[in-house]
Structure formats: structure tokens, C-alpha cells
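The block underneath contains the structure these notes are about, expressed in C-alpha cells.
The values are calculated or read from the model by the stated rules, or taken from the named source; none is laboratory data. These figures come from a predicted structure and were not determined experimentally. Here the Cβ is made from the backbone with ideal geometry for all residues, glycine too, and neighbour counts use every protein chain on show. Ligands, DNA and RNA are excluded from the accessible area calculation, which covers all protein heavy atoms including side chains. Shrake-Rupley method; radii C 1.70, N 1.55, O 1.52, S 1.80 Å.
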Number of protein chains: 4
Amino acid sequence: MTSPRLPLRGIVPPTVTPLDRSHRLDKGSFTRVLEHLLDGGVHGIFVLGSTSEVVFHDADVRREIVEHAVRIVNGRVPVLVGAVDPTTQRVIEHARAAKDAGADGIVVTAPFYARTSQAEIADHFRFIRDAVDIPLIAYDIPVCVHVKLERATVATLMREGVIAGLKDSSGDEGNFRYALMDAAERPDFFAMTGAELTADCALLMGAHGIVPGLANVDPHAYVRLYEAAGRGDWAAARAEQEHLCRLFEIVRVGLPRTSVGAAGVGGFKTAMMLLGIVDDNVMALPQRTLEGSEIDRVSEILKSVGLLERAPARAAV
Amino acid sequence: MTSPRLPLRGIVPPTVTPLDRSHRLDKGSFTRVLEHLLDGGVHGIFVLGSTSEVVFHDADVRREIVEHAVRIVNGRVPVLVGAVDPTTQRVIEHARAAKDAGADGIVVTAPFYARTSQAEIADHFRFIRDAVDIPLIAYDIPVCVHVKLERATVATLMREGVIAGLKDSSGDEGNFRYALMDAAERPDFFAMTGAELTADCALLMGAHGIVPGLANVDPHAYVRLYEAAGRGDWAAARAEQEHLCRLFEIVRVGLPRTSVGAAGVGGFKTAMMLLGIVDDNVMALPQRTLEGSEIDRVSEILKSVGLLERAPARAAV
Amino acid sequence: MTSPRLPLRGIVPPTVTPLDRSHRLDKGSFTRVLEHLLDGGVHGIFVLGSTSEVVFHDADVRREIVEHAVRIVNGRVPVLVGAVDPTTQRVIEHARAAKDAGADGIVVTAPFYARTSQAEIADHFRFIRDAVDIPLIAYDIPVCVHVKLERATVATLMREGVIAGLKDSSGDEGNFRYALMDAAERPDFFAMTGAELTADCALLMGAHGIVPGLANVDPHAYVRLYEAAGRGDWAAARAEQEHLCRLFEIVRVGLPRTSVGAAGVGGFKTAMMLLGIVDDNVMALPQRTLEGSEIDRVSEILKSVGLLERAPARAAV
Amino acid sequence: MTSPRLPLRGIVPPTVTPLDRSHRLDKGSFTRVLEHLLDGGVHGIFVLGSTSEVVFHDADVRREIVEHAVRIVNGRVPVLVGAVDPTTQRVIEHARAAKDAGADGIVVTAPFYARTSQAEIADHFRFIRDAVDIPLIAYDIPVCVHVKLERATVATLMREGVIAGLKDSSGDEGNFRYALMDAAERPDFFAMTGAELTADCALLMGAHGIVPGLANVDPHAYVRLYEAAGRGDWAAARAEQEHLCRLFEIVRVGLPRTSVGAAGVGGFKTAMMLLGIVDDNVMALPQRTLEGSEIDRVSEILKSVGLLERAPARAAV
């Protein structure tokens, strides 16, 4: 069985999951996140990616997130859903739930914790494809799963029709380029990168989409970047990218008091709190939440790139 | 709240999970595995460790495994249960289920997929300890979770009474030695190693227990090794260990057709099938199962170390 | 003391070192390599980089290589020289020899074998700068030295005037972009990348130069790529880049019979032999040299990208 | 040509290289180091290992070190000499110089900086063996050369008679055990470990020798440990080992102000300075030297383990 195609192009932010102080999904804030992204002109929404703290949520919360996103987005753009768990059968359960909840496609990593080979990883995708009839996108994220989807694995799955697309968060731009060249033979294949700092480069190479966590904070800039690239105005694309690189400094503010993971998503959430998009910047436990002078530092960065015009509300108290 | 102590010493095999050709738990074989281990004289049973393919099982299968093990073991030795999933709250759910099903202690890794810091990892254990009143053993397995439990993290958790023991599968014997020296101040702490090839060394260093996947195949040899060490007969312990090292060659037979993970547990299962302990050597998907000449090679190894006296049943057909 | 500036921009190939069957420098072939590159329109020449098998050559051979290159190039373009050895004082000796032999700049890695910190690495560059008055370029190549030059280290050395440039072979394009943004404050700083597959991207990001080993085979294409980027014709730049990506497949032909290192440089040398630029494709020992069907496969790749129009001479024998 | 055998067993410390404040070899201190070790009862001396800061020394200094060691040791025990540089031909030059200066054996790593395969590494050893007629010991130190000597590579070289011994500083005790089991067929093979913290374990496994950097500080304890193991008194061996583990804390004192490398050897040198064995604790540049409160902390550790009975001279000023 081959994967249905997913006619998607553009900016597809992986949404953060706003939590309240009891670590429960804050639906009001989540609605504002989605509207903020749609207002920014994004071309798709990706929920339950790594940026959403996906592995911290159980099946019930995941379903709640997907259903809420589908209801709010309401067909304005496609909704991709991460089906992320260590092994095949458990991913299939998430994939079925995502489909039932209205997902337009699912995004799946290699198995993790267990150490599998490229041949076993390919079978993993084949089994999922056979079990759930929904566009399947391979998610290459070695920093989390500690194995790379090799070029040959991706190409094989693409040629077999097992996968409809690739989300490359591997940081290996040379290999991603080869994936794009391989994908030239399948015009409906959807290859996107998670690289926040080189979106203009990815588009120059022919990437079909960008999935930047940072777009939670400034979706407009990524959309402007995408549009500039689309009309061949690479100088404008580069200028937007450099603005976003300066903004991306927020992901280091929490270090080393927090982990790399908590600093990154925590930086996004803190900026969004300061911008009034979410009520709180709290992270799923045991991750640490940015606080005190860290919040001030995020605020300074926002002001330095023009996203906050004046002292944030917090400082005004 | 401090962890209850667990007065455990000795050989504590991490059981394999026998599956049938439909990839369902084969309870008959599992009963034979447990009786085989108890006949071998083991001092505890550890279910739902990495050797059990734990992350391949959903909550229902995990409960089934624990309940079956508890019923069969029936108090003859303690039953430890792995509560292995990517994040804190999900581990707590598994831990509660394990306790309800009769576990004597739970074994917990650092978070995985998410990248957490040592401080966040320490909180992970503290939250679990506060949520479930059962002896908590820290499971250091960087080859699966890709972070090491640092010496200071383990020592802090031990001193706070958060953890009752340590299962060290890190391969860092020098650091494990420091953990044992740190543990000297807590006589009821239980520090064990998963190192199949250096059990005699670990006991010489003062380890309280060994958790060798290979004991599924030959529990008697590990028990003899442990007893020899206990009476100070290190030459006998070493001889048993070298026998086990020769047997351990079965974990490489599947390579490179299968992954490292499937070759290891698959080697155990294949040997157990040849020894008549389990009906089948099938692995959870998408892992590959040893077959054909691979099975013959495992058989040769078993014969070369004296565990199979004659041509295996399979060859006699 | 601050480093003299080096007013360099463009394509600066790291030359291979042609050897004869006795593993001695083949000066005739080396002359042809240099003329081939200059005919291709390159803007600088880099000898004794990793592509030159630099660590295989002792001080005498290195001097011979530099003197020969300086004599042949004869001022047509600047000649950069790698001063690569494990530790500071030994690098200083190489740097002095390079300067004496007429180098226009030296290229220096972090210490290797010894494990040094970022602070110690920064001092390494400062000591070299103080010892030899020649433009100093930092060479970030973690795949060989197993430590990354962190962004802050490079920025500090740039601001202090210790280094005149950066050659980034780290594969971390996001970090390289930050280096380029940091370098905006020093208009005479020279930041180049070794990435063969994303030269167009690097130029889009503002890189001043490209140092591609593959340019030994096809310097013209890299020069065309550079010129297209310079006039803002990014579609043409991308087309050249994709041609070069297809050509770059030659670096995998030797695998796994040879090492990654020998396959890469060996792929270049084999193609150059087939193109008549060098007499032999022999590698410094103990590296293995491509042979037999491997040579045929390189030939096929050359033909498939239009660099060899007909059956190679070898096949015609 | 097969390697001559080297009938060596026991404690073979890798000597530090005492430097004066001008970073020149301090021969007076070096004499005292050697006499200190011989007084301690060691069975061999290993100069120009990693602990000697070998890669910081050029050929002249290396020759000076070997000649001085050979003259002082004067046949009382064998003198092994590291021939450590990135590539084969350069190692051969060092090996010849070492032989000429009176070495009893040479110790050689895999190539580094260049990335070579196991097959190429095996050839590296074969070429060296063919070029220099002296016992050749393979030095497995992936933390410096970033490649492991695989079990099969070592076994092949042993069976071919290319190597007379193995120094394993890989930290992989299970693999080392296999090497020892493989070596059982060659009674004159000499397999030693560099593991400071598990010398008793290595001897239990059948290791022929220990090469502990820490023996520079306390050779007597390692000799006592070795002798206890020899007479089967494993409790005494373990007690000595635990004393040495407590002493080994000196290698962390410099962190994170210095690198891991400088903290380790710097810890040894600082302790030796406090014990009056060397005049200074200075490290080869760009490594940082322990100072101020770091020296005080090393002093405290020495006192806590009974090696310094009273306040050190420095504090008495």
C-alpha cells in the first residue's frame, strides 16, 4: 500500500504546547498560538513534534491536542501530527488516534531506546504505512533518536511510496541536498527541514517546506522569508533569516541551568509569554522553566530584534 | 519521602519475553523461562528490562508480563520490574501498575528522546519516588537513553534516600567502582551491574548483584560464579566467567543482518529455543529474528561450551 | 600582535598531493594539478590541507610541496599553507617553514591527540600568532581533531586580531552562519567553508570563499558557481552545485574496502588520473588505493556528469 | 618478520615528563621520577606515553627523554618507548630513534587525524614491524586517536607475530577480557591495561601488566596490589585499589579551568611536586598548569590518603 500524497508547501511550524502551572494543557493559550501562526500566514501546522514536548504527553493529552488543533485550524491549512513513541506498534496506535482526530498526515521517527538497523527502520515505516491509511512523513531527528535515516533508506521508502515526505532535523545539509535531488523524480514528495538558521539555504536547495520551532515566536518572518525565496529575492530572504538568527539566541538563555531541550522550547515559550501569546512559560516536568533574569534576557533579545517595542509588562509591575 | 530498602543480593536475570509467531506473549514459554531461572538458583527476577524488549510492549502487555511473573515466582525471590518510558509522568503510570501487580521494586532510567540535564534527571527520580511508594532502582544505560547517570547524581539520590539501588549498564567500570565506594556508607543500598563479561570483577569490586541478560541461557553458571566469589574462590569465579564469555559469542551471530539490539536478545532467545526453554525465537517487530545458518551457528556455540551435548532437536528433524 | 590581513575571496582548492608508486611526491603531476586549478580560474591555492594527506608528510616533504607550489603559482594567486600537527610548538615550526618558503597565509587546527579546552585552544592560536608574523587562519575540522572551534572562541580570536580568517569544515552550517554574522564587524576577515555540497548556500549566507576538495577534479564548475552567486544568479549557482553533488559520488566508491579518508581523497585522485591530470592515484600508506572496478566506477561517474566524454584511456588499453 | 618477544610482567608506569618554567625538560626532576618508580619496585618503565605529553615533544626532546631514561634505568627494568605520531612513516622514524637510544620495546597507536579503517590500521602495524626490529606493542587509546583497535585486529596481529603485546587504554573491559582469552594461545604475549581504577580486576582477568599514570604518584601501592594479586590475596589487592581510587581524585581538581588532559597529568605532576619528586608542576603549552587553591586541593587529597603526613612545604612558607 502506498502512502497518500500530501500537497503541502511552505512554512509548517511545530507548535509548542502551552501548559498551566499544574502542567495541564492550557487550551486558551493553545488557541492563541494557533491563531497567531495562522495570522502569520503559515501554510501548515505540525502538532506533537519535538517542540510540543510530545514524549511528555500520554495518549489522552495527545488526542486532546490534536482534536483542539483540528477544531481551531478548521481546514484553513493542513494539520500534521507527530506519532512519536519508541516502537512500531505503539506508533501505530498514535497514528490511528491522530487519523481519527482529523490529522492530514503523520510524522514518524525511527524507533528509539531500542537500537535498530536501517533495514529494520525501513520495515518500521512499512508496517506503519500498512496499518494506517494516511500520508506518512519520515522524521529524521538523530539528536533525539540517536540514529540517522540514511540517504538510501529515505530514497527506498520514497520510491516504494511508503512515505509521502521527509522532515529533516538532522543538521546534515549535504545529505538533505541529496534527498532533495533524489526527490526530484517524485514531484509530489514533500521534503522539509527543521533547521531554523538556514531556511533560506534549504529553499535555495529546493526544499519544499520549513518546520522551524522558532516560527512559534515570529511566524511572519518565516513566511516573508519563504515568499522572498519564492520570488527569487534571495537578499530579502537572507535578511529575514539573519533577523531570525538573532532572535534564535533565545534558545541559549536557559543554559546551563536547564538542559538543552528545556532551554530551547523554554526560550520559545518565554518569548511567547512576553509577547502575550501564551499565559505561562512552564515546561513539562522534570524540565526546568526559565525564570527571573533569564526571562529578562529573553525580553532584551526580543527588543533588540524589534519584536518587543517597549519594556515588557512584567518589568512594568 | 525516602525509598523503602530492598534487601537483595546476587544474580538477578533480566528476563527475555517469549513471543509466539503472532508476536504475542507466549505465557507457556515464559513460565518455563522463569522456572529455568529459579532452578538455576537465581536470587531475584527482573522483568521489563531492556532484554525483555520492554519498549515494544504497551501498558496492557506489560501488566500481563508482571502479573504472570509474580504469580509464577510466587514469592520465591523478589521480582523487580522495569518502568521504562521516555518521561516522568509516564514512568509513574508504569510504576503504579507494577506495584499494583505485585512488584518488589521498580527500575527506572533517565528520561529519553527529550534531552535532560543531570539536575532534571535527579528531579525525575525524585518525582517518581514521591509518587509511588516502592523501592526505586536507578538504571544507568546510556547505550539506550544516551545520557550517563553521573557519579554525583547517583550519590546525591542515594544520600537523599530517593533510590534504593543502582543497576549500572554503562560499561564504565571505573565509575561503577566509585559508586560502590560511595555506597559503602549505605549498607542497605543495592548496586548491581549488567556487564555480562566482567561479573567476577564486579563482585571483586564489591558489587551486590549481577543482572546479566546471558543468565537467561545459563543461570547456573552465573550462580556458581556468584557463589565462588562469595567464598573467595576467585579462580573458580574466573573460570565460570570465561565459560560465559565464550557463550556470549551468541550475541554477535545475527550481525550485520540484524541490528545490535536484535542480535543480542535474539541470540539469547535462539539459544533458549535450542535448549527447549522457549518455543520460538521470534523478536518484536521491526526487529529481525535469527534464522537458518544463524541458528546453526548459535547451536555450534552452545555445543562448544557444553550446553548442548548432541545435535539439537532442530537438526534431528 | 595582530595577524596581518589577507585580502582573499573566492575558490581556494585544497590541493591533493600526487605520489608516485614509491610514495614520493610526483612533482610533474603536482605541477599539472596547480596549472589545472589556475586554468580553472581559482582565486587561491591551499596546500597541505587534509586533502593533501598533510599528516602523512614529514617536514622535508612539506617544505618541498610548499616551495614547489609557490614556484609554480608564482604570484598568480595567494598560496595558503596548512601547518597541521598535534601541538603548538610543532605547528610553529611548520608555520615558520611555510613562511620561509613563501606562503601567503597559514591554516591551523586545534591541537589534537591531546585533549584541550576552548581556553587552551584559544591560547594555542595566540602563541602561534605571536611566534610567526603571517596571516593566520583557524581551521575548524572536528572530524579530524575531534573538537569543535566554538563560536565564542572564533569570535574572540577574530576580535583580538589573532586570526585573519576561518576555514570551517565542521559541517555545522548554523554555527558557520553565526560566524559570518559575527565577522560582519571585521570587513577584512576571510571566512570560508570546506563544504563541497552546499557552496551555493554558503555564498548565500555571505561566505567569502569556498575550499572544496572536489575542486581538484572540476575547478571550473566551482568558479562558475562562485561567479553566478556573485551576480545574484542563484539558479545558475544551484545548477552548478547539483552537478558537483553528482560528481561528489566519487568519494564513496572506495567504501568499505578503504577507509572514509582514503575513499574521499582517493576518489579525487582517481578521477584526476582518469582525466590525465595526475599520473597515478596512489595514496600514502597505510591508506588503500582505489583499484580495478573501483576505478571503472569513478570513470562511469565522470562520464555521467560530462567530464569524460568517451571511454577512459585505461579502458582502451 | 615477526616481532621479538618481550618477557615483561607487572607494573609499568607511563612516566610524566617534568618541565621547568621555560617548558624545557628538567632532567634532575626526571631522574628523581625514575628513581622514585624504581624504588617503588616497578617492573618496567614506559616513557613517551600519553602521560608524558608525548605529542608535545619534537624528535630532539623525545630522543633526550629516551636516552636519559635508558641511562638512569641502566638495565634494572625494561624501558618501553612510545612512538606516537599521526602516520606510519613518521612513527617508523620515532621507532628507529627509540631503538637506537636503547629502548626495549616500542608502543604504537593507530594513525590519527587521518581516518583509517581496521584493515589499514593492521597494515600500519605490519609496516612498522617490517621497518624496525624491536618488540612492538599495540596501544589502544580511542580517547586520543578516536578509533578502537577491534578485537579481531588485535588477534590477527598477535597471531601473525606482528605485535608482542597490547596496551589497552580503551576502557572497554569486556573487550579486553576477550583479548586476554585470545592471548592465551601465545604465552609470551604481553597484555596490559592503562585502567587506573580497576587494576585488581584486570589482574583477576589475567592481565600481564598494568600501566597506570597514577603510579607516578604512588608506585608502591600498585606494586603491592600486583603482589597481592600474585599470591591470590584479592582482598588486599582490592584495598590497595580503593586507596588508589581515592588518590585518583587528583585528576579532577583542575576541571573545568583546565582541559581533561591537563587536569589529569597536571594532577599527577602537582602531587609529585608536593611530594618533592619534581621541582615544578608546569604543563606543556597551551595546556594550563594547576595553581593556587587547586594545588591546595591536591595537597588535601594526598593527606587524606596518607601520602602527605603534614602540611605541605608550600603551606608552611
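Please find, among C:Ala237, C:Ala221, C:Ala263, the residue that is at pLDDT 95 or above, buried (at least 24 other Cβ atoms within 10 Å of the Cβ) and within 19 Å of the chain's Cα centre (by Cα). Lay out the reasoning, then the answer.
On the way: C:Ala237 fails: within 19 Å of the chain's Cα centre (by Cα); C:Ala221 fails: buried (at least 24 other Cβ atoms within 10 Å of the Cβ).
The match here is C:Ala263.
Across segment D:37-55, what is the total count of residues that are within 11 Å of chain C (Cβ to nearest Cβ) and open to solvent by 20 Å² or more (accessible area, probe 1.4 Å)? The qualifying residues number 1. In segment B:208-218, what count of residues is obtained for those that are within 24 Å of B:Glu160 (Cβ to Cβ) and open to solvent by less than 10 Å² (accessible area, probe 1.4 Å)? Result for segment B:208-218: 2. For D:Ala155, the criteria (1) more than 14 Å from chain B (Cβ to nearest Cβ); (2) surrounded by fewer than 24 Cβ atoms within 10 Å (Cβ to Cβ) hold in every case but one, which is (1).
Residues in segment A:101-119 that are under 18 Å from A:Thr153 (Cα atoms), of a type outside the set (Gly, Ala, Ser) and either in contact with a strand residue (DSSP E or B) (Cβ under 6 Å, 6 or more places away or on another chain) or crowded, with 24+ Cβ neighbours inside 10 Å (or both): A:Val107, A:Val108, A:Thr109, A:Pro111, A:Phe112, A:Thr116.
Residues satisfying the criterion are present in segment D:165-176 (criterion: away from chain B (no Cβ under 14 Å) and either hydrophobic (A, V, I, L, M, F, W, C) or closer than 30 Å to D:Glu294 by Cβ (or both)). Is it the case that some residue within segment A:174-181 is buried (at least 24 other Cβ atoms within 10 Å of the Cβ) and within 19 Å of A:Thr109 (Cα to Cα)? Yes. Taking only pairs six or more apart or across chains, which ones have beta-carbon atoms under 7 Å, a first residue in segment D:177-204 that is aromatic (Phe, Trp, Tyr), and a second residue that is assigned to a helix (DSSP H, G or I)? Short answer, once both residue conditions are applied: D:Tyr178/B:Cys245; D:Tyr178/D:Arg151; D:Phe189/D:Met158; D:Phe189/D:Ala183. Tallying residues that are open to solvent by 10 Å² or more (accessible area, probe 1.4 Å) and of a type in the set (Ser, Thr, Tyr) within segment C:197-207 yields 0. Among the criteria (1) touching a Leu at 6+ places or on another chain (Cβ under 7 Å); (2) open to solvent by 10 Å² or more (accessible area, probe 1.4 Å), the one B:Arg297 does not fulfil is (1).
With respect to the conditions (1) free of Cβ contacts under 8 Å to residues at least 60 places away in the same chain; (2) within 13 Å of another protein chain (Cβ to nearest Cβ), B:Ala95 lacks only one, and its number is (2).
In this structure, is C:Leu34 outside any loop (DSSP other than H, G, I, E, B), open to solvent by less than 10 Å² (accessible area, probe 1.4 Å), more than 14 Å from every other protein chain (Cβ to nearest Cβ) and in contact (Cβ under 8 Å) with a residue 60 or more places away in the chain?
no
For segment A:266-293, a residue qualifies if it is free of Cβ contacts under 8 Å to residues at least 24 places away in the same chain, under 20 Å from the mean Cα position of the chain (by Cα) and open to solvent by less than 10 Å² (accessible area, probe 1.4 Å), and exactly one does: A:Asn281.
Go through D:Asp188, D:Asp133 for me and flag whichever is open to solvent by 10 Å² or more (accessible area, probe 1.4 Å) and within 25 Å of D:Pro212 (Cβ to Cβ). Spell out the reasoning first.
Details: D:Asp133 fails: within 25 Å of D:Pro212 (Cβ to Cβ).
Checking each option against the conditions leaves just D:Asp188.
Taking segment D:1-19, which residues are surrounded by 15 or more Cβ atoms within 10 Å (Cβ to Cβ) and either out of contact with any strand residue (DSSP E or B) (no Cβ under 9 Å at 6 or more places or on another chain) or modelled with pLDDT of 95 or more (or both)? Across segment D:1-19, the qualifying residues are D:Gly10, D:Ile11, D:Val12, D:Pro13, D:Pro14, D:Thr15, D:Val16, D:Thr17, D:Pro18, D:Leu19. Of the set (1) in contact with a strand residue (DSSP E or B) (Cβ under 9 Å, 6 or more places away or on another chain); (2) within 14 Å of chain D (Cβ to nearest Cβ); (3) part of a loop (DSSP other than H, G, I, E, B), all apply to C:Ser22 but (1).
Being at pLDDT 95 or above and over 22 Å from D:Pro142 (Cβ atoms) narrows it down to one residue among D:His243, D:His208; which is it?
Working: D:His208 fails: over 22 Å from D:Pro142 (Cβ atoms).
When all the criteria are applied, what remains is D:His243.
A:Ala59 satisfies every condition listed in (1) surrounded by fewer than 24 Cβ atoms within 10 Å (Cβ to Cβ); (2) closer than 24 Å to A:Leu8 by Cβ except (2). The set of residues in segment B:248-260 being crowded, with 23+ Cβ neighbours inside 10 Å and closer than 21 Å to B:His220 by Cβ consists of B:Phe248, B:Ile250.
Could you pull out the residue among B:Gly194, B:Gly161 that is out of contact with any Gly (no Cβ under 7 Å at 6 or more places or on another chain), surrounded by 22 or more Cβ atoms within 10 Å (Cβ to Cβ), more than 9 Å from chain D (Cβ to nearest Cβ) and not aromatic (Phe, Trp, Tyr)? Let's see the steps before the verdict.
Values: B:Gly161 fails: surrounded by 22 or more Cβ atoms within 10 Å (Cβ to Cβ).
Among B:Gly194, B:Gly161, only B:Gly194 is out of contact with any Gly (no Cβ under 7 Å at 6 or more places or on another chain), surrounded by 22 or more Cβ atoms within 10 Å (Cβ to Cβ), more than 9 Å from chain D (Cβ to nearest Cβ) and not aromatic (Phe, Trp, Tyr).
When you scan segment C:70-86, do you find a residue that is surrounded by 23 or more Cβ atoms within 10 Å (Cβ to Cβ), among the β-branched types (Val, Ile, Thr) and more than 20 Å from D:Thr87 (Cα to Cα), even just one? Yes, there is a match, as at least one residue in segment C:70-86 is surrounded by 23 or more Cβ atoms within 10 Å (Cβ to Cβ), among the β-branched types (Val, Ile, Thr) and more than 20 Å from D:Thr87 (Cα to Cα).
In the set (1) surrounded by fewer than 24 Cβ atoms within 10 Å (Cβ to Cβ); (2) closer than 24 Å to D:Phe125 by Cβ, D:Asp26 fails one condition alone, (2). Residue check: is A:His57 over 26 Å from A:Thr87 (Cα atoms) and in contact with a helix residue (DSSP H, G or I) (Cβ under 8 Å, 6 or more places away or on another chain)? No.
Please pick out the residue among D:Ile128, D:Ile121, D:Ile106, D:Ile141 that is under 14 Å from D:Thr2 (Cβ atoms) and either away from chain B (no Cβ under 14 Å) or modelled with pLDDT of 95 or more (or both).
On the way: D:Ile121 fails: under 14 Å from D:Thr2 (Cβ atoms); D:Ile106 fails: under 14 Å from D:Thr2 (Cβ atoms); D:Ile141 fails: under 14 Å from D:Thr2 (Cβ atoms).
That would be D:Ile128, the only listed residue that is under 14 Å from D:Thr2 (Cβ atoms) and either away from chain B (no Cβ under 14 Å) or modelled with pLDDT of 95 or more (or both).
Note on segment A:164-173: residues that are open to solvent by 30 Å² or more (accessible area, probe 1.4 Å) and in contact with a Phe, Trp or Tyr (Cβ under 6 Å, 6 or more places away or on another chain) amount to 0.
Residue by residue, here is whether (1) touching a strand residue (DSSP E or B) at 6+ places or on another chain (Cβ under 7 Å); (2) assigned to a helix (DSSP H, G or I) holds:
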site: B:Met181; (1), (2): no, yes
site: B:Ala191; (1), (2): yes, no
site: B:Leu197; (1), (2): no, no
site: B:Ala215; (1), (2): yes, yes
site: B:Ala221; (1), (2): no, yes
site: B:Leu225; (1), (2): no, yes
